Amino acid sequence: MIQPDRPLENEYPDLCRPGSIQPHGILLAIAEPDYIIQYISSNTRDLLGIDPNDLLGRSIATLFDNSQQIFLQQTANKPLGVSSAFSLSLQTASGKREFDAFAHRTSEAIVVELEVKKTEIEENLPNFSAWVRETLANLQLSSTLRDFFEVVAQEVRNITQFDRVMVYQFDRQGGGEVVAEAKTETLSASYLGLCYPATDIPEAAREMYLQCRLRWIPDLAAHSVKLIAVETQENNTLDLSFSILRSVDSCCIEYHQNMGVQALLVIPLMNEGKLWGLIACHHQTAKYLPYSLRVVCELLGQFVSLELANQIKQEELDYKLELRSYHTQLLKAIAKQKNLKTALLHPDPRFLELVDATGMAIYLNNEIVLSGNTPNREQIYPLIEWLDARGNESLFQTDSLVRDYPPGEAIADTASGILLLRISQVRRYYLLWFRPEVIQTITWAGNPQESLQIDDNGRITLGPRSSFEQWQETMRFTAKPWLLSEIESAIEFRNALIGLVLDRAEELARLNQELERSNRELASFAFAASHDLKEPLRGIHNYSIFLLEDYANVLDEVGVERLETLVRLTQRMESLIDILLNYSRLGQTELNLEAIDLNVLVKQVIAVFRASNPNSPIEIRIPSPLPLTHCDPILINEVFGNLLTNAFKYNDKPDPWIEIGCMSPNRQGIHNPATIVLYVRDNGIGIRERHRETIFRLFKRLHAKNKYGGGIGAGLAIVKKIIERHGGQIWCESTYGEGSTFYFTLTRSQP
Ligand code: ADP
């Protein structure tokens, strides 16, 4: 569309050094230090009445007076490419002539350009300061970017009087769209909303616009004027990158002429150091623009760029704030939940708003929770597999899933765009947002393929397009792209979630410490209390015995019976205190850990058991050898002793048996190879489901005192404490009426 005659010297040397200029001015290049004219345009006879050969190789004093020479010499001190402008009048064959002069330095020479002034037009120019004031006020009034561009197009047209003024915005691929247009009524076709492919303004051309503030081509039909050089110079090698008169690339001329354009003005628009777009002005006939007016346009371009940056930032900021507010609300809601998993399994609807998605899947180690419009589970599992196979990237996003994942075609209606966040590297916890396909109809200004031409050697080259008839293309399998602010919002949310989880973990660790401390205090209290209780209790017991021995004859039957009860109760209480003391001591004393062969240990336990129950018919079996463990043998002896006694006591079968064994930890879902799982199994009375936890509590028994041998309800509590002191776990499985198995873990001893 706005094919500029381009570009950067390094990449396109012949385009930067075309060896010619446009004919509405004169160009000369002078060499330091003696200020001799090295190059001159061949049109000096037309504009000055002097033959170029009469100037070439001569001092600038041939053309310029003293003050003008001083001005030009000062350019030598300016940075490369920075232009200074001034007005001058020169004596020509047809009398005095007014020029706008521009001078800039290149690495080779000082380039001076003289543009003929059209004084009659200059005299009728509008009042610029009033126009600028009014335009700026109008621009600041516009509330949306669209309105803003409308005003820009309109105002630039007002001041330049070009037939058509467009604001053109680049997209990420370098193509773009006309976002505002002001045109004369005689032009029927509107270009508003038309898209242009990146090939219409090649990257090199965009680069060039980064360097200039304005490019004006008054007459695309005018013949360019050759530069001639002194004999020592090659004719056309002068670098014209910064020249305002530089001639126009033939491709650009043809391109615009095919659109019916004869004069062109382009003002680049910048945002954050990048080319954001262009104000492009087309005129159907040649169009002279006085320098003062171009300066105003240049300033306007800079103002628009500044204001544009503000407006874009403001819109982005507003959106960011909106996302941030969802983020805060969502985190608050999650923090209120018991844990992260519960929060994720019942997701808040605001999850979708966080990134402006229409659907979402929360994936927690194979569990999927869906909300909004999403593909179904069977479609999501393979998608997750595919995403997993891509590696461990914590974020993946695309606005066209099909591009990378062909099966995505089947889910395009809900998931053409996806945004994946991994919340945990250890667990497979993912948040996956979806956006549906937006079938876009792009209205191209002509067939975009047309500018790609194949030359005689079969190479693809760029050429001017001849057709600008609307040409429509439908884009499928594409969703609205994820904006940077949305992606940032997702990442921030993930970090906040991790922060929340860490806070929780810290809180838990603190509570654990606290609990441990109070446990220790409680244990030492129980130890001290039970220890101190023993003495008075012994006193009561002894005195009751004395009373029975010495005064039984003076007491009646009831009195004696009560004293006997007192003795029994003190005995029972003493045994309870002993248990409590033993129990609390367990939490206090050091373990004497050694490598113990459980085969030997269990054999001793069985021997003691048999000695205490000589007539018991119970069968005790050990199906396979037991391992070596790292344990305190006295305490583990107590564990087996208690479990064996219980297995024997709580059995009413005619052929009772007990099995002691060891099983693979994997079967219990334990994957630490150092852990061993031992068990004591019986075919006894069994334990109901609801009691399987409580039986491990101190003084908890399920039966009356005189049933099943009358336990005190401490055995399992002690067993549990011993196992836990060894860093293990204990649990029970049972079928009521058929038998129970007590499992516990210990650590394998390394041979
Ligand atoms: P007790 O001294 O009463 O045996 P324990 O702490 O050893 O106390 O056991 C608590 C309760 O658990 C017992 O009262 C009994 O009801 C139940 N229990 C323990 N072992 C078994 C078992 N092998 N079979 C059935 N019930 C059992």
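For VAL112, state whether it is β-branched (Val, Ile, Thr) and not in a strand (DSSP E or B). Taking the combined requirement at face value, the residue does not satisfy it. Being touching a Pro at 6+ places or on another chain (Cβ under 7 Å), under 19 Å from GLU738 (Cβ atoms) and either within 16 Å of the ligand (Cβ to nearest atom) or assigned by TED's automatic domain parsing to the domain that holds GLY715 (or both) holds for only one residue in ILE618, ILE660, and it is ILE618. Applying the criterion of being assigned to a loop (DSSP other than H, G, I, E, B) and not charged (D, E, K, R) to the residues of region 133-173, the residue that is nearest to the chain's Cα centre (by Cα) is GLN173. On the stretch given as region 369-389, residues that are farther than 15 Å from ILE411 by Cα and either touching a Leu at 6+ places or on another chain (Cβ under 9 Å) or at pLDDT 95 or above (or both) total 3. So, of the residues in region 679-696 that are assigned to a loop (DSSP other than H, G, I, E, B) and more than 8 Å from the ligand (Cβ to nearest atom), which turns out to be surrounded by the most Cβ atoms within 10 Å (Cβ to Cβ)? Only one residue tops the list, namely ASN683.
Just a yes or no: is a residue in region 484-496 modelled with pLDDT under 65 and surrounded by fewer than 16 Cβ atoms within 10 Å (Cβ to Cβ)? Within region 484-496, none of the residues are modelled with pLDDT under 65 and surrounded by fewer than 16 Cβ atoms within 10 Å (Cβ to Cβ). Could you tell me whether PRO625 is without any contact (Cβ under 8 Å) to a residue 60 or more places away in the chain, assigned by TED's automatic domain parsing to the domain that holds ILE695 and either closer than 23 Å to GLU594 by Cα or within 12 Å of the ligand (Cβ to nearest atom) (or both)? So PRO625 fits the description; yes. Residues of region 698-726 that are within 55 Å of the chain's Cα centre (by Cα) and assigned to a loop (DSSP other than H, G, I, E, B): LEU698, LYS700, HIS726. Might you check whether a residue that is charged (D, E, K, R) and surrounded by 15 or more Cβ atoms within 10 Å (Cβ to Cβ) occurs anywhere in region 705-715? The answer is no; no qualifying residue exists.
Yes or no, residue by residue, for (1) crowded, with 19+ Cβ neighbours inside 10 Å; (2) modelled with pLDDT of 90 or more:
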site	(1), (2)
ARG206	yes, no
ILE217	yes, yes
CYS252	yes, no
ASN258	no, no
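Checked against (1) within 16 Å of the ligand (Cβ to nearest atom); (2) under 59 Å from the mean Cα position of the chain (by Cα); (3) surrounded by fewer than 19 Cβ atoms within 10 Å (Cβ to Cβ), ASN599 passes all but a single condition, namely (1). Selection within region 353-371: residues that are under 16 Å from ILE384 (Cβ atoms) and not aliphatic (A, V, I, L, M). The member of this set that is surrounded by the fewest Cβ atoms within 10 Å (Cβ to Cβ) is ASN366. Against the test of being farther than 22 Å from ILE685 by Cβ and within 16 Å of the ligand (Cβ to nearest atom), the options ASN637, ASN642 yield a single qualifying residue, ASN637. Residue pairs whose Cβ atoms lie under 8 Å apart, sitting 6 or more positions apart in sequence or on different chains, and linking a residue in region 477-491 that is within 16 Å of GLU316 (Cβ to Cβ) to a partner that is basic (Lys, Arg) and assigned to a helix (DSSP H, G or I), are SER485/LYS320; GLU488/LYS320; SER489/LYS320; SER489/ARG324.
Every condition in (1) more than 13 Å from the ligand (Cβ to nearest atom); (2) surrounded by fewer than 19 Cβ atoms within 10 Å (Cβ to Cβ) is met by ASP652 except one, and the failing one is (1).
HIS726 meets all of the listed conditions (1) near the ligand (Cβ under 8 Å from one of its atoms); (2) more than 26 Å from GLU619 (Cα to Cα); (3) buried (at least 18 other Cβ atoms within 10 Å of the Cβ) but one, namely (1).
Before we move on, is VAL304 under 24 Å from PHE149 (Cβ atoms), in contact (Cβ under 8 Å) with a residue 12 or more places away in the chain and under 45 Å from the mean Cα position of the chain (by Cα)? Yes. Scanning region 146-162 for residues that are touching a strand residue (DSSP E or B) at 6+ places or on another chain (Cβ under 6 Å) and surrounded by fewer than 22 Cβ atoms within 10 Å (Cβ to Cβ) returns GLU150, GLN154, ARG157.
The values are calculated or read from the model by the stated rules, or taken from the named source; none is laboratory data. What you see is a predicted model, and the numbers here were worked out from it, not measured in a lab. When we count neighbours, we look across all protein chains shown, and the Cβ atoms used for this are built from the backbone with ideal geometry, even at glycine.
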